[in-house]
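All remarks here apply to the structure that follows.
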Amino acid sequence: MEDPEVPTEHLHEHIHEAAHESHDKWSMLVAISTAFMAAFAALSSLMAGHQSNEALITQIKASDQWSYYNAKGIKAEVADAVTKINYSKAAADTASTASATARKAKLKEDQAQIQEKAEKLEKESEEHLAKDVTLARAVTFFQIAISISAISILSKKRSLWYISLALFAAGIFQFVMGLL
């Protein structure tokens with residue numbers, strides 16, 4: 001899975017230039033808040049990528065467990081076939097029949113444990129994916145907040161900056177939810 005991109009470098013430079021040109025307190029606040037937005041966007045993007053990778057790795061481990069589960073199932077069926085062949089022969093060796101039956105029971109028991117582990121890994125993978133989605137949503141809020149902040153400083157409209165702060169707060173909320 002791909003990491004969400006955060007193309008904020010040019011916006012950050014634009015805001016920084018505008019803040020230095022006007023030398024007023026509000027422009028500096030916009031520049032500083034936008035820098036924080038960009039930092040959180042980068043951090044969220046990094047963490048979303050990590051969660052995505054962890055989900056993929058965990059899903060591969062779950063798939064490996066399911067393959068192992070199927071292999072045990074095939075071995076159990078072979079053991080069952082051996083038991084039936086030995087049972088049907090007139091000169092069946094009861095010791096080998098009992099051994100094959102015990103082996104089949106052991107394989108079925110192993111299968112149950114493997115199934116439990118595979119299902120646990122699948123659940124863990126889903127949790128990582130859910131965190132990835134939440135952190136990617138945080139990145140989106142941060143990017144939109146940065147864009148609106150840039151527009152606010154270029155157009156000198158404080159109301160747009162307040163909107164960007166609200167979106168930044170929504171991004172922070174998503175960021176925290178992605179950590180939990």
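Things to note:
- Exactly one residue among I153, I144, I148 is assigned to a helix (DSSP H, G or I), at pLDDT 95 or above, of a type outside the set (F, W, Y) and buried (at least 21 other Cβ atoms within 10 Å of the Cβ), and that residue is I148.
- For region 156-180, a residue qualifies if it is among the hydrophobic types (A, V, I, L, M, F, W, C), part of a helix (DSSP H, G or I) and within 19 Å of K131 (Cα to Cα), and the qualifying residues are F168, A169, A170, I172, F173, F175, V176, M177, L179.
- Filter pass, A102 being out of contact with any strand residue (DSSP E or B) (no Cβ under 7 Å at 6 or more places or on another chain), open to solvent by less than 100 Å² (accessible area, probe 1.4 Å), farther than 17 Å from L135 by Cβ and modelled with pLDDT of 75 or more: yes
- For region 156-180, taking the residues that are within 21 Å of K25 (Cα to Cα) and without any contact (Cβ under 8 Å) to a residue 60 or more places away in the chain, the one that is least open to solvent (accessible area, probe 1.4 Å) is identified as L160.
The values are calculated or read from the model by the stated rules, or taken from the named source; none is laboratory data. Since the model is a prediction, treat every value here as computed from it, not as a measurement. Virtual Cβ from ideal backbone geometry, glycine too; neighbours counted across all protein chains shown. Protein only, heavy atoms only, side chains kept; ligands, DNA and RNA dropped before computing areas. Shrake-Rupley method; radii C 1.70, N 1.55, O 1.52, S 1.80 Å.
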